[in-house]
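In what follows, a single structure is set out as structure tokens and then discussed.
The values are calculated or read from the model by the stated rules, or taken from the named source; none is laboratory data. As the structure is a computational prediction, the values presented were derived from the model and not from experiment. Cβ placement follows ideal geometry from the backbone for every residue including glycine, while neighbour counts extend to all protein chains displayed. With ligands, DNA and RNA removed, areas are computed over all heavy atoms of the protein, side chains included. Shrake-Rupley method; radii C 1.70, N 1.55, O 1.52, S 1.80 Å.
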Amino acid sequence: MERDDIIEYSLHAHHSEEDGAKLRKKIYFVTVLLSVITIIEVLVGVFISRSANEGTNLWESIKIGYIILTLIKAGYIVLIFMHLGDERKHFKWVILAPYILFLLYLIFIALDEAVAVGNGMTM
Amino acid sequence: MSSEASKAIEPKVLWGGKISPFSISYGKLMMWIFLVSDALTFGGLLVSLGFARHAAVTKGFAWPSSEQVFTHFPFTHAHLPLLYVAFMTFVLIISSVTMVLAVEAGHRMDKKKVAFWLALTVVGGLVFLFSQVWEWSTFIAGPDGDITTWGDNATLKQNFFLPTGNVIDGAAQLGVEGPQAYAMFFFFITGFHGFHVFTGVLFNFIILLNVLGGTYEKRGHYEMVEKVGLYWHFIDLVWVFVFTFYYLV
């Protein structure tokens with residue numbers, strides 16, 4: 001018996017030649033952006049060494065800069081390359097919210113405890 | 001992108017049963033759920049790296065600086081800090097781009113282009129894998145190629161610095177927690193990621209064979225390419241974080 005209650009969502013995902021050209025333009029833009037960010041990160045890593053600057057304000061701000069650049073890269077990969085930006089709003093939250101909540105908690109508790117563990121072991 | 005997900009549908013209809021409220025197929029949904037769980041594993045690994053490092057530094061142990069450890073490039077003895085890792089990162093980003101181009105071609109039912117971009121993605125993955133083999137063997141053996149035992153790991157011995165600026169001397173000092181944990185995390189995190197790359201290349205290759213065999217042409221859509229594409233982008237995503245938190249910060 002032919003079932004009529006199954007929707008083949010994959011069949012609705014086709015797009016035209018013009019849409020494809022637009023999409024490719026977007027893809028190439030993101031490619032250039034990701035490459036430029038990576039090049040900046042590497043140049044900073046090569047010319048400002050951690051061993052010489054550890055503990056200075058300069059290194060602290062570079063560290064924060066690295067993390068921000070990484071999050072920008074991650075955002076472009078997830079939203080554009082993985083098309084999460086084109087999915088329904090509820091789906092975005094189902095994927096992102098549990099992950100972000102769990103990870104923020106884990107980062108907080110692990111880094112907080114690490115200092116306590118390190119202090120405890122010197123005694 | 002024009003798909004079912006970008007159509008305006010009343011929430012009442014969307015959540016009223018019979019259709020997927022996310023306008024997404026079962027396979028794609030499950031791939032996303034799997035990726036979330038896998039991302040939690042990698043998140044746990046990277047957080048534990050931060051934990052070990054913070055604890056070691058608080059204890060007063062030094063933590064090796066990656067730009068002093070990874071200074072080698074194949075076929076040369078020049079001092080090129082981080083450049084090979086940067087090359088690997090670039091390869092993975094480009095293979096992610098070829099993958100998204102394969103998915104885009106799939107939405108136009110362009111079999112030739114899908115096969116072309118997917119084949120390039122497989123090649124990119126292989127280049128990354130062999131780069132990692134080289135990096136592991138260089139890390140173990142040291143820059144000049146003599147395989148050594150763990151106790152006097154040549155790379156760590158030559159590059160590890162102490163807070164006072166002394167070069168590490170002999171196996172005894174390598175036993176301190178900082179450099180040892182650093183090396184363990186290197187093998188565990190890049191190893192776990194490398195195994196993902198390996199399986200990703202395998203999946204991409206199988207799907208490439210199916211594309212060439214016309215399986216998806218007959219099926220009427222290239223969603224399988226999209227699904228392995230999600231997995232492949234995820235591998236790139238993880239590497240972006242490994243690159244920052246292991247090599248840069």
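A compact table of results
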{"read-out": "Cα-based helix-to-principal-axis angle, A:57-76 vs chain A, degrees rounded to 10", "value": "10 degrees"}
{"read-out": "The range B:88-98 - phi-based ³J(HN,Hα) in whole Hz, Karplus 6.51/-1.76/1.60, Gly and Pro as x", "value": "4, 4, 5, 4, 5, 5, 5, 5, 5, 5, 4"}
{"read-out": "Cα-based Kirkwood hydrodynamic radius, the range A:19-86, one decimal, Å", "value": "13.6 Å"}
{"read-out": "Residues whose placed amide H lies under 5 Å from that of residue A:15, excluding near-sequence neighbours", "value": "B:108"}
{"read-out": "Electrostatic dipole magnitude of the range A:19-86 [Cβ: Lys, Arg +1; Asp, Glu -1; Cα centre; debye, to 20]", "value": "260 debye"}
{"read-out": "Alpha carbon centroid spacing (whole Å) that separates the range A:56-115 from the range A:19-35", "value": "23 Å"}
{"read-out": "Subset of A:92/B:227; B:18/B:227; B:7/B:111; A:89/B:12; A:25/B:227 violating a 19 Å alpha-carbon distance limit", "value": "B:18/B:227; B:7/B:111; A:25/B:227"}
{"read-out": "With DNA, RNA and ligands ignored, accessible area of residue A:76 (1.4 Å probe; Å², nearest 10)", "value": "70 Å²"}
{"read-out": "Residue A:38 accessible area, 1.4 Å probe, all protein chains in place, Å² to nearest 10", "value": "10 Å²"}
{"read-out": "Those GluC sites (Glu not before Pro) in the range A:1-74 that DSSP places in a loop and that have at most 16 other beta carbons within 10 Å", "value": "A:2, A:8, A:54"}
{"read-out": "Per-selection Rg to Rh, chain A - Cα, Kirkwood hydrodynamic radius", "value": "1.15"}
{"read-out": "Pairwise label distance in nanometres, residue A:18 with residue A:61, each label 7 Å out on the Cα-Cβ vector", "value": "4.8 nm"}
{"read-out": "For the range B:122-133, Karplus couplings with θ = phi - 60° (6.51, -1.76, 1.60), whole Hz, Gly/Pro x", "value": "4, 4, x, x, 5, 4, 4, 4, 5, 4, 5, 4"}
{"read-out": "Phi-based couplings in Hz for the range A:89-98 (Karplus 6.51, -1.76, 1.60; Gly and Pro marked x)", "value": "4, 4, 5, 4, 6, 4, 7, 7, 4, x"}
{"read-out": "Among B:76, B:37, A:31 the positive-end extreme of the charge dipole of the protein assembly as shown (Cβ point charges)", "value": "A:31"}
{"read-out": "Folded to 0 to 90 degrees: helix A:17-47 orientation relative to chain A principal axis, Cα", "value": "10 degrees"}
{"read-out": "Accessible surface of residue B:110 - all protein chains present, 1.4 Å probe, nearest 10 Å²", "value": "40 Å²"}
{"read-out": "Candidate residues B:136, B:232: accessible-area rank, largest first, probe 1.4 Å", "value": "B:136, B:232"}
